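Colleague: Sharing a structure with you now.
The values are calculated or read from the model by the stated rules, or taken from the named source; none is laboratory data. Please read these numbers as outputs of a predicted model, since none were measured by experiment. Backbone-built Cβ (ideal geometry, glycine too); neighbour counts: all protein chains shown. The accessibility values were calculated without ligands, DNA or RNA, using every heavy atom of the protein model including side chains. Shrake-Rupley method; radii C 1.70, N 1.55, O 1.52, S 1.80 Å.
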Amino acid sequence: MGDSSKKTWTASLSGDFVLNFPIYVGCSYGLFTKSGELGQTFWPPHPLPVPDKERYELKRQWDVWWNDIVMHKSQSKTQGFRYSPGMGLADQQFSDLEGDLLRQACVDSWPVFNRWWNMPAGGQIAMYYWESVPRIERYMQKLEQLHGGLKSSLSLVVDLIYTGLDAPIEPEEGYLIIPVDGPHLLKEEWWLKTLSRYFSD
């Protein structure tokens, strides 16, 4: 018989539109700026002109929206993801979103994003490729050789976004959001350091 006390792990990577569409909206209206050596890619390359006063308010509304979606995605790690009022995903008029500026920005951005996302060589197909890039099983095997075993069973969920962040974020333990336009997704050293926290010293 096998050791029933041995800690197990699973990992899932996804690059769906739920996070990528808000990032696209933010990039389209210049809500992100390049910063540092790992500055984000502009996507699309030429942000739409927005008066400074409106951009400030749009950014405030966008921040609330983004944080709400990330919170729901974090909860879905254990509860299963469901669209909720206020997430802006109920219909293509984004009628459940708070904030007129944000709602109109989403309405205006959705047709272009949706067309690109569903092209034969578009965003969704590209994300299928990026989902297969990290060699998480190999990283876990290396760490098991170094540390012996996990502290506790691990269910790792990774959401991929095109850009918008300088570096990965971890809204809660076991849930990562990683931009594919930076070096982290391809950097074994970063993965080993990130995953090592789940192993016994």
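Colleague: What is the gain in length, in nm to one decimal, between D16 and V107 on full extension, counting 0.36 nm per residue of separation less the C-alpha to C-alpha distance?
Modeller: 30.9 nm
Colleague: To continue, here is another question. Please work out the FRET efficiency for the pair E172 and D100, using the Cβ-Cβ distance as r and a Förster radius of 45 Å; give the result to the nearest 0.05.
Modeller: Working from the Cβ atoms, E equals 0.90.
Colleague: If I model a spin label at W116 and S152 as a point 7 Å from the Cα along the Cα→Cβ vector, what separation in nanometres do I get?
Modeller: My value for the distance between the label points is 4.1 nm.
Colleague: Could you calculate the FRET efficiency of D201 with V133 from 1/(1 + (r/R0)^6), where r is the beta carbon distance between them and R0 is 30 Å, rounded to 0.05?
Modeller: Working: r = 29 Å, r/R0 = 0.98.
Efficiency at R0 = 30 Å is approximately 0.55.
Colleague: Work out, step by step, the length gained on full extension between V64 and K142: first 0.36 nm times the residue separation, then minus their alpha carbon distance; give nm to one decimal.
Modeller: Working it through step by step, the gained length comes to 24.1 nm.
Colleague: Using a 1.4 angstrom probe on heavy atoms only, work out the carbon and sulfur share of the accessible area of region 81-201 in %.
Modeller: Here carbon and sulfur together make up 50 percent of the probe-accessible area.
Colleague: With springs only between Cα atoms under 10 Å, which of V64, V25, V180 fluctuates most in a Gaussian network model of the chain?
Modeller: V64
Colleague: Tell me which GluC sites (Glu not before Pro) from region 112-201 have a DSSP coil assignment and no more than 10 other beta carbons within 10 Å of their own.
Modeller: For GluC sites (Glu not before Pro) across region 112-201 that sit outside H, G, I, E and B with at most 10 neighbouring Cβ atoms in 10 Å, the list is empty.
Colleague: Using the eigenvalues of the Cα gyration tensor, what equivalent ellipsoid semi-axes result for the chain when each is taken as the square root of five times the eigenvalue, whole Å, largest first?
Modeller: Values for the chain, descending: 34, 18, 15 Å.
Colleague: What whole-number distance in Å separates the alpha-carbon centres of region 180-201 and region 9-34?
Modeller: Centre-to-centre distance over Cα atoms comes out at 20 Å.
Colleague: Hey, what angle do you get for helix 136-147 against the long axis of the chain, alpha-carbon based, 0 to 90 degrees rounded to 10?
Modeller: 40
Colleague: Using a 1.4 angstrom probe, figure out how much accessible area the chain has per residue, in square angstrom, rounded to the nearest whole. Walk me through the intermediate numbers first.
Modeller: Details: 11150 Å² over 201 residues.
The answer is 55 Å² per residue.
Colleague: Given the rule -39500 (n - 2.57) for each run of at least 4 DSSP H residues, summed and divided by the residues of the chain, what is its mean residue ellipticity at 222 nm, to the nearest 500 deg cm²/dmol?
Modeller: One gets -14500 deg cm²/dmol as the mean residue ellipticity at 222 nm.
Colleague: Same structure, new question: Which residues in region 163-201 place their backbone N less than 17 Å from a point set 7 Å from the Cα of K7 along the Cα-to-Cβ direction?
Modeller: Output list for this probe position: 173-175, 192-201.
Colleague: If r is the Cβ-Cβ distance from Q75 to H46 and R0 is 45 Å, what FRET efficiency results, to the nearest 0.05?
Modeller: 0.80
Colleague: How much of the DSSP bridge set in the chain is antiparallel, in percent, rounded to the nearest 5?
Modeller: 20
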